[in-house]
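So the structure is just underneath, and the comments pick up after that.
Bear in mind that the values in this text are calculations on the coordinates, not laboratory data. Just so we're clear, the structure is a prediction, and the values are computed from it rather than from any experiment. Cβ atoms come from the backbone with ideal geometry, glycine included; neighbour counts cover every protein chain shown.
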There are 2 protein chains.
Amino acid sequence: MEYETPLFFHVMEYANRAEGDVIDMVSGNPDWEPPEALREGLREYADLEPDRFQYAPSEGLLELREEIAARRGVDADQVVVTNGAGEANYLAMARALERDRGDEIVLTDPVYPYYPGKTTMLDGTQRFVATDDKGRLDPADVREAASEETAAIVVATPNNPTGAVYPESTMAALVDVAEEYDAILISDEVYDHYDLSGEFASALGVDSSHRIVTNAFSKSMAITGVRVGYAIFPPELVENAKSRHMLVNVATTRPGQYAVLRALRETGPDYYEANRELLRERVDTFTDALDTAGAEYTTPRGSFYVMARFDGYPGTLENVERLIDEAGVAGMPGEAFGDSRSDWLRFALVTPRVEEAARRLAAYFE
Amino acid sequence: MEYETPLFFHVMEYANRAEGDVIDMVSGNPDWEPPEALREGLREYADLEPDRFQYAPSEGLLELREEIAARRGVDADQVVVTNGAGEANYLAMARALERDRGDEIVLTDPVYPYYPGKTTMLDGTQRFVATDDKGRLDPADVREAASEETAAIVVATPNNPTGAVYPESTMAALVDVAEEYDAILISDEVYDHYDLSGEFASALGVDSSHRIVTNAFSKSMAITGVRVGYAIFPPELVENAKSRHMLVNVATTRPGQYAVLRALRETGPDYYEANRELLRERVDTFTDALDTAGAEYTTPRGSFYVMARFDGYPGTLENVERLIDEAGVAGMPGEAFGDSRSDWLRFALVTPRVEEAARRLAAYFE
């Protein structure tokens with residue numbers, strides 16, 4: 001079997017090896033502070049008795065699952081704490097495929113490249129539905145692409161890489177399509193705390209046994225390396241997912257769960273709002289500079305990303321590496337997200353140097 | 001698809017819910033101290049800059065992989081840092097099966113129940129080879145069971161649940177069988193630091209492109225909850241395994257990797273020897289008391305476990321639950337490890353109260 005693995009780590013390593021000063025806008029690694037209570041939770045954990053260093057329950061610490069469940073309006077039994085959103089999406093897609101209602105996964109174009117990679121690994125096949133130039137997804141197009149072969153429809157809102165935020169009507173319509181074809185809507189909501197539009201709508205808003213919601217604390221708490229996420233399953237689907245989680249990972253890291261629980265309890269809305277505000281300022285700064293450079297770009301309504309197009313400079317891996325070497329700015333090739341964005345580059349606004357990056361880009365493409 | 005999930009968590013929960021005082025000897029959760037440097041590593045991590053809270057490289061922190069590689073005499077490129085031995089075994093078994101050289105996994109009887117569970121999840125089929133009453137594995141029996149259908153042979157040394165330690169000649173012969181049938185020997189060596197016999201031999205001692213070694217710091221550092229393990233692949237097999245790791249988990253928890261690296265560097269042989277000594281004493285205490293009780297039992301040459309047989313009390317889940325309620329001792333049903341040990345109970349020596357436990361058992365079966 002050949003896997004297509006996402007290029008993120010490859011480009012990050014290329015940027016790290018580069019000789020000059022490179023502004024890293026490759027991956028969605030926040031550069032802002034995690035909550036102080038997260039750090040405090042790790043310190044506190046370090047001093048616990050030896051029994052607290054042993055396996056957490058396989059599905060996650062009960063108190064953490066209850067805290068998540070209360071916030072999301074579900075039953076704690078529906079929550080599986082995972083090794084980040086990465087494992088949550090893997091469990092969700094595997095769970096959909098093993099229902100034997102078809103082996104097709106409906107994805108959007110552009111797409112977050114882990115989804116097609118996971119699909120291949122799980123012996124599924126991809127079917128892509130195009131979004132418009134602003135990343136908007138028309139549920140009618142999804143309905144047309146769906147069939148008896150559809151195991152799952154996977155969407156991300158707020159979206160990576162387009163920055164689109166799907167309205168409530170879209171989420172409801174997508175659940176509806178999933179129900180019509182006895183498929184599963186998988187809604188990856190890992191950027192929910194970075195909704196800049198005020199229009200984010202969780203798939204949990206629609207009650208259905210045909211949708212799974214995945215999430216993590218990786219982005220909301222700026223801790224992508226800690227690896228604590230979760231998936232919320234309908235009661236009918238959760239048991240097998242717990243089994244797979246146990247058979248693959250046994251359990252999720254306990255110091256991470258402990259620290260996240262403390263941070264969840266003690267971190268107020270100010271923390272999240274400050275990060276959104278920072279992001280808003282960076283979007284303005286970066287897109288203003290892109291305006292000056294005469295580039296075409298997207299303005300995100302959520303998530304961390306701006307896509308930009310420079311005349312005569314398509315979004316290939318080769319061009320990304322050239323930009324690292326010659327302009328000192330590292331982005332992601334648009335072609336990594338699907339054919340529709342192959343002319344584009346994606347820049348993650350996770351550096352205080354977005355203005356300098358945009359200046360470098362402007363100078364380079366002048 | 002129906003999964004068989006190991007019963008460990010189920011029995012642990014049953015024991016926790018019990019009304020009286022229960023001595024927990026269910027799971028292989030050490031009750032001794034992790035290395036002080038492990039705690040110190042977590043404290044230190046809590047104060048690092050935000051960039052250190054982000055994704056580690058997918059295959060693991062380079063310094064940790066180099067430290068492991070140096071100790072095991074392999075190249076760092078062969079090492080994948082995983083979410084414990086659980087993920088390491090999953091990656092290894094998946095890697096063997098996706099070579100399309102057959103779908104059969106040869107396992108021992110008795111068996112650590114995660115192996116047959118993973119086999120089913122990965123669409124493989126199990127073939128069991130009996131070990132003798134001391135848990136010794138005759139490579140000739142493995143050779144006879146192997147065929148063109150064999151994808152992998154999975155063994156654990158020191159063994160859970162039998163306590164057997166396979167000699168160097170057995171390991172060499174097992175690699176030989178794997179080579180003969182173009183299969184992969186997977187050697188799970190997570191109890192290597194608890195070899196009480198001095199005869200432990202790693203499969204790494206035999207140079208071959210047909211063996212994968214899995215391990216973790218879960219047992220050696222008494223941190224089953226932290227979830228840091230690793231697998232060592234032949235160069236020919238490592239790339240796809242790294243891809244699967246990336247697609248399932250993205251990366252392994254970074255605070256855990258950081259703390260383990262520090263503990264690896266700063267923890268001397270005394271720490272490990274003291275834990276072995278503790279275990280030796282507990283083996284003596286527990287088996288002496290079992291002698292008094294007139295029970296049949298195994299004396300482990302490695303790992304944490306004693307298996308015991310009480311007349312007229314077979315090792316069923318029902319009997320284990322009865323023992324929890326009526327005798328205040330929690331073990332694992334032998335039937336969880338395969339038909340050959342269905343008359344037996346397994347007790348993990350991970351409590352300071354092994355003498356009291358044995359006394360309770362003696363009184364109960366008197």
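Tabulated values for the structure
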{"item": "Leading residue at positive end of dipole, the protein assembly as shown (Cβ point charges), from B:G60, A:T298, B:G268", "result": "B:G268"}
{"item": "Relative contact order for region A:207-305, counting Cα pairs under 8 Å that sit 6 or more residues apart, in percent", "result": "18"}
{"item": "Label spacing, shortest first and in nm, from A:A76 to its equivalents in the remaining copies (7 angstrom along Cα→Cβ)", "result": "4.3"}
{"item": "Other-chain or far-sequence residues with amide H under 5 Å of A:I186's (modelled H)", "result": "A:I153, A:V154, A:V155, A:I212"}
{"item": "Sorted by Cβ neighbour density within 10 Å, fewest at the top, the residues A:S243, B:S340, B:S303", "result": "B:S340, A:S243, B:S303"}
{"item": "Region A:163-274 - share of DSSP beta bridges that are antiparallel (%, nearest 5)", "result": "50"}
{"item": "Local electrostatic count at A:V142 - Lys and Arg +1, Asp and Glu -1, tallied over other residues with Cβ under 11 Å", "result": "-3"}
{"item": "Within region A:82-129: Cβ-based charge dipole about Cα centre, in debye rounded to nearest 20 (Lys, Arg +1; Asp, Glu -1)", "result": "100"}
{"item": "For A:E239, label point 7 Å along C-beta direction: distances to other copies, nm", "result": "4.2"}
{"item": "Equivalent ellipsoid semi-axes - Cα gyration tensor, region A:188-258, angstrom", "result": "22, 20, 7"}
{"item": "In Hz, Karplus ³J(HN,Hα) per residue of region B:316-327 (6.51, -1.76, 1.60; θ = phi - 60°; x = Gly, Pro)", "result": "8, 4, 4, 5, 5, 5, 5, 5, 4, 6, 9, 10"}
{"item": "Alpha-carbon gyration tensor eigenvalues x 5, square-rooted, for region B:56-266, Å", "result": "26, 19, 15"}
{"item": "Calculated SAXS-style log₁₀ I(q)/I(0) at q = 0.09, 0.12, 0.16, 0.17 Å⁻¹ - region B:5-148, Debye, Cα scatterers", "result": "-0.48, -0.83, -1.20, -1.24"}
{"item": "Candidates per GluC sites (Glu not before Pro) in region A:176-245, loop by DSSP, up to 16 other Cβ within 10 Å", "result": "A:E199"}
{"item": "Estimated vicinal HN-Hα couplings, Hz - region A:343-354 in sequence order (Karplus 6.51, -1.76, 1.60; Gly, Pro = x)", "result": "8, 10, 10, 10, 10, 8, 8, 10, 9, x, 9, 5"}
{"item": "Kirkwood hydrodynamic radius (C-alpha pairs) into Stokes-Einstein, chain A, 37 °C and 0.692 mPa s, D in µm²/s", "result": "157"}
{"item": "About the Cα centre, charge dipole magnitude for the protein assembly as shown (Lys/Arg +1, Asp/Glu -1 at Cβ), debye", "result": "880"}
{"item": "Positive-end residue of B:S220, B:Q257, B:V238, charge dipole of region B:56-266 with Cβ unit charges", "result": "B:Q257"}
{"item": "Contact order normalised by residue count of region B:56-266, Cα under 8 Å, 6+ apart, percent", "result": "28"}
{"item": "Simple label model, 7 Å out from Cα along Cβ direction - B:E4 to A:R99, nm", "result": "2.8"}
{"item": "Virtual spin-label span in nm between A:E179 and A:A140, 7 Å along Cα→Cβ", "result": "2.1"}
{"item": "Rounded Å value of the spacing that divides the Cα centres of region B:131-176 and region B:214-251", "result": "22"}
{"item": "Restricting region B:14-100 to GluC sites (Glu not before Pro) in coil, as DSSP defines it, with at most 11 other Cβ within 10 Å", "result": "B:E19"}
{"item": "Summed side-chain charge close to A:E67 - residues other than A:E67 whose Cβ falls under 11 Å, Lys, Arg +1, Asp, Glu -1", "result": "+3"}
{"item": "Overall Cα dimensions of region A:303-366 - principal axes, largest extent first, Å", "result": "29, 27, 17"}
{"item": "Long-range HN-HN contacts of B:V329 with modeled amide H, under 5 Å", "result": "B:I23, B:I324"}
{"item": "Cα-based equivalent ellipsoid, region B:239-342: semi-axes from gyration tensor eigenvalues, Å", "result": "36, 23, 13"}
{"item": "DSSP beta bridges in chain A [antiparallel fraction, %, rounded to 5]", "result": "45"}
{"item": "Nearest-first distances (nm) between copies at A:E148, label 7 Å from Cα via Cβ", "result": "3.7"}
{"item": "Binned Cα-Cα distances of region A:167-227, short to long, each 5 Å bin given as a whole percent", "result": "4, 19, 24, 21, 15, 11, 6, 1"}
{"item": "For region A:108-203, alpha-carbon Rg relative to the globular expectation (2.2 N^0.38 Å, N residues)", "result": "1.01"}
{"item": "Chain B, dipole about Cα centre (Lys/Arg Cβ +1, Asp/Glu Cβ -1), debye to the nearest 20", "result": "640"}
{"item": "Quarter of Cα convex hull surface for the protein assembly as shown, i.e. mean projection, nm²", "result": "29.6"}
{"item": "Counting DSSP beta bridges with both ends in the protein assembly as shown, the antiparallel % (nearest 5)", "result": "45"}
{"item": "Fewest-first ranking of A:V165, A:V154, A:V238, using other Cβ atoms within 10 Å as the exposure measure", "result": "A:V238, A:V165, A:V154"}
{"item": "Calculated from backbone phi, Karplus (6.51, -1.76, 1.60) coupling profile of region A:300-310 in Hz, x at Gly/Pro", "result": "x, 8, x, 6, 9, 10, 10, 9, 9, 10, 10"}
{"item": "Long-range amide H partners of B:G338 with built H, under 5 Å", "result": "B:V111"}
